[in-house]
Amino acid sequence: MEFWHYNEIFYNEYHFTLNDLLDRTSYLNKEEKKELERAYEFARNKHGNQKRVSGDEYIDHPLSVAIFLTSFNADLTTLQVALLHDVFEDTKTTLHEIKKEFNSEVEYLVEVLTKVKETNDLKDQIDAAKINYIKKILLGTIKDFRIILIKLCDRLHNLITLKYMDKETQKRIAKETLEVYAPIAAKLGIYNLKNPLEDLSFKYLYPEEYKDLKNQVGEKIEHRYNYVNQYIGKIRQLLDKYNYNYIIFGRAKNLYSIYNKIKNYGKSLENIYDLFGIRIMVDNIDECYEVTKIILSKWILKKGRYKDYIKDPKENGYKSIHLTLEPEEKKFIEVQIRTKQMNYENEYGLAAHWRYKGDEEDREFDKRVAWIKQVIDWKKEYADKNEFIRNLNVNLFKEEITVLTPKGDLIDLPKGSTPIDFAYTVHTSIGEHCKQSKVNGKIVPLNHELQNNDVVEIQVGKNINVSKQWLKFAKTNYVRQKVRRSLNMPMKHMIKKDEDENKLKILKISINNIEYDNFKLSTCCMPKIGDKVIAILENNIYTIHKYNCSNINLNQNNLIKDVKLIYNHESIINVKVVVNEKEIKLKQILNGIAKMNLDIISLSTQYKHNKLHIKLDFMLSDNLKDFLIKLKKEKGVNNLEVLNIDYWL
């Protein structure tokens, strides 16, 4: 059968040898292999006669962790640290000795991976030690990705050998893994670690549910495998007519993910469409869309089951096209289409991009671990471990929600999505004819933010009813593109980033007519273009505050008052004004614009509900903000909004 199997060493207990490690490191040169062997002998000698609870030699554990890391083509230093990571904690070996024997880099990584000592058996002190250790690991990861990769592999081997521990320990470790380590692996996109971490923890934390679900899935496997393979054969016949260099195989959803869908949404196995599926890998992005078109010419797409994660990748970098097909037998099947490079990156996540030497220019790495800084506050004290875990999980799971159609179908959307995103995701025609939305039986505005488990219903009209306003709150590029097509808007704007579209940027600051770029904007008062500002110089960085910021003492020595913000002058300010013409006329507004020598790029008007709605596009200028503030206060002006600068007025 043409099915993809997970890496067996990530699920089952094996007793590896040094030769196994050397065989798996063909990518290292001869000298590096000698150094790796030396690290192994050093660790084996230091652990001496130490045994694990299983009765195995202690060296079996660090050796297994190193073996796991070879799946990521880990470098010499990473493998050395894997072998040595328990030497400092569990033997009399000092960090100085490790540094002398190897190098300061190995010493640093071993130190970060060493648990904070639990000096007391009291629960609150144990919890505090665990919280600080998790913080230590996460903070270390910002500097060096190898830390979390080693820790995840370390935790995975502990789960594989968890059967030797007492039940209380099994549940504690499994619970901690599901709450902390598996979500971190998911956030980093390392699915080939996330899945076994989840499934092995599931086995010990919920043993009855695990056994029951495994039996249910097992009963379906043979029949479903045959069914999937029939469609693999049909797709092969279809694609073989073209000159694609493709790979196709079947895939199965991991047990814990199935359990979560059943538990959270009351679904039966029959209604989980991606229980088993088909994955197709091609050489480039164009071929992804070509193959999608070919498949949809043959089979019917189930409504709402087309997801384009190539145009809108998940926050962890995951990219693929997902289709749920509705074949003649009414047995739904999911097909994933991606490039071979995407598949590698989806399986290995950030580990496919990481830089061993901490290249400061690696912006991709910085972007992908930036969430860690938001998850933890090193200085914050938590009342207990549960509070910390809650804070951690809120941040780890914030990027996606799942809502339901009135018929109970599950629709995955980015967090912050609205009924418009839902409507277009279900079907373009529903989006275009969307007239009104209901959430959980209540009418809500189309910009209403959807929450997990909401039941969403879209009421459609006979005519296409697309509004340009939808672009302001539609969450995904996919939906915005659909809206633009309906409005016949230029497609060149589609390539712009979501939040950056038409946004203004502060490029530099000017102090006494000299320009500087070593500055940052204060987070306490959030200065924006058009604000009167001051600067504080510390450590060769100018921190910019609003002139009236309550946190600033205007008499302090390091304060600089003659500061101007330099921005991209070609930027356009989008303004919407709603007025009562009985009290203020359009001509009065235009006269005021002329007196202030402001440049208008475009102007349009529309009457709604006895009010005049005016849309104005201005070229940005120094006196524009003052004019808009004054206009907003005029009698007869019901509303004035700057559409592309938040909280400007």
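Could you check segment 253-294 and list, in sequence order, the residues that are open to solvent by 20 Å² or more (accessible area, probe 1.4 Å), at pLDDT below 90 and in contact with a Ser or Thr (Cβ under 8 Å, 6 or more places away or on another chain)? Of everything in segment 253-294, those that are open to solvent by 20 Å² or more (accessible area, probe 1.4 Å), at pLDDT below 90 and in contact with a Ser or Thr (Cβ under 8 Å, 6 or more places away or on another chain) turn out to be Tyr256, Ile262, Asn264, Tyr265, Tyr273. Cβ-Cβ distances below 9 Å connect the following pairs, each with a first residue in segment 603-622 that is closer than 16 Å to Lys585 by Cα and touching a residue at least 12 places away in the same chain (Cβ under 8 Å), a second residue that is aliphatic (A, V, I, L, M) and open to solvent by 80 Å² or more (accessible area, probe 1.4 Å), and a separation of six or more residues or different chains: Leu616/Ile601. In segment 16-38, the residues that are more than 13 Å from Ala82 (Cβ to Cβ) reach residues that are part of a loop (DSSP other than H, G, I, E, B) with C-beta atoms within less than 7 angstrom, at least six apart or across chains, in these pairs: Tyr27/Asn73; Lys33/Thr25. Residues in segment 84-109 that are basic (Lys, Arg) and assigned to a helix (DSSP H, G or I): Lys99, Lys100.
Of all residues in segment 578-610, those that are open to solvent by 60 Å² or more (accessible area, probe 1.4 Å) and either at positive phi or part of a strand (DSSP E or B) (or both) total 10.
Of the residues making up segment 230-252, those that are outside any loop (DSSP other than H, G, I, E, B), buried (at least 16 other Cβ atoms within 10 Å of the Cβ) and either at pLDDT 80 or above or of a type in the set (S, T, N, Q) (or both) number 7. Within segment 522-565, the set of residues being open to solvent by less than 30 Å² (accessible area, probe 1.4 Å) and either within 23 Å of Leu628 (Cα to Cα) or out of contact with any strand residue (DSSP E or B) (no Cβ under 7 Å at 6 or more places or on another chain) (or both) comprises Cys525, Pro527, Ile529, Val533, Ile534, His545, Cys549, Val563, Leu565. The condition (being under 18 Å from Ser71 (Cα atoms), at pLDDT 90 or above, in a loop (DSSP other than H, G, I, E, B) and open to solvent by less than 40 Å² (accessible area, probe 1.4 Å)) is satisfied by just one residue among Leu36, Leu28, Leu22: Leu28.
Does Val575 satisfy being out of contact with any helix residue (DSSP H, G or I) (no Cβ under 6 Å at 6 or more places or on another chain), open to solvent by less than 60 Å² (accessible area, probe 1.4 Å), under 17 Å from Asp531 (Cβ atoms) and part of a strand (DSSP E or B)? Spelling it out, it is not the case that Val575 is out of contact with any helix residue (DSSP H, G or I) (no Cβ under 6 Å at 6 or more places or on another chain), open to solvent by less than 60 Å² (accessible area, probe 1.4 Å), under 17 Å from Asp531 (Cβ atoms) and part of a strand (DSSP E or B). Please go through segment 40-53 and pick out each residue that is under 38 Å from the mean Cα position of the chain (by Cα) and surrounded by fewer than 20 Cβ atoms within 10 Å (Cβ to Cβ). Across segment 40-53, the qualifying residues are Arg52, Val53.
What's the number of the condition Ile509 fails, among (1) assigned to a strand (DSSP E or B); (2) at pLDDT 80 or above; (3) open to solvent by 90 Å² or more (accessible area, probe 1.4 Å)? That leaves (3) as the condition not met.
For segment 381-433, name all the residues that are aliphatic (A, V, I, L, M), open to solvent by 20 Å² or more (accessible area, probe 1.4 Å) and at pLDDT below 55. Result: Ala383, Val394. Comparison of His545, His613 shows that the only residue that is part of a strand (DSSP E or B) and farther than 28 Å from Ile506 by Cα is His613.
The values are calculated or read from the model by the stated rules, or taken from the named source; none is laboratory data. If you're wondering where the values come from, they're calculated on a predicted model, not measured in any experiment. Counting neighbours? That spans all protein chains shown, and the Cβs are built from the backbone with ideal geometry, glycine included. Side chains are part of the model used for accessible areas, which takes the heavy atoms of the whole protein and leaves out ligands, DNA and RNA. Shrake-Rupley method; radii C 1.70, N 1.55, O 1.52, S 1.80 Å.
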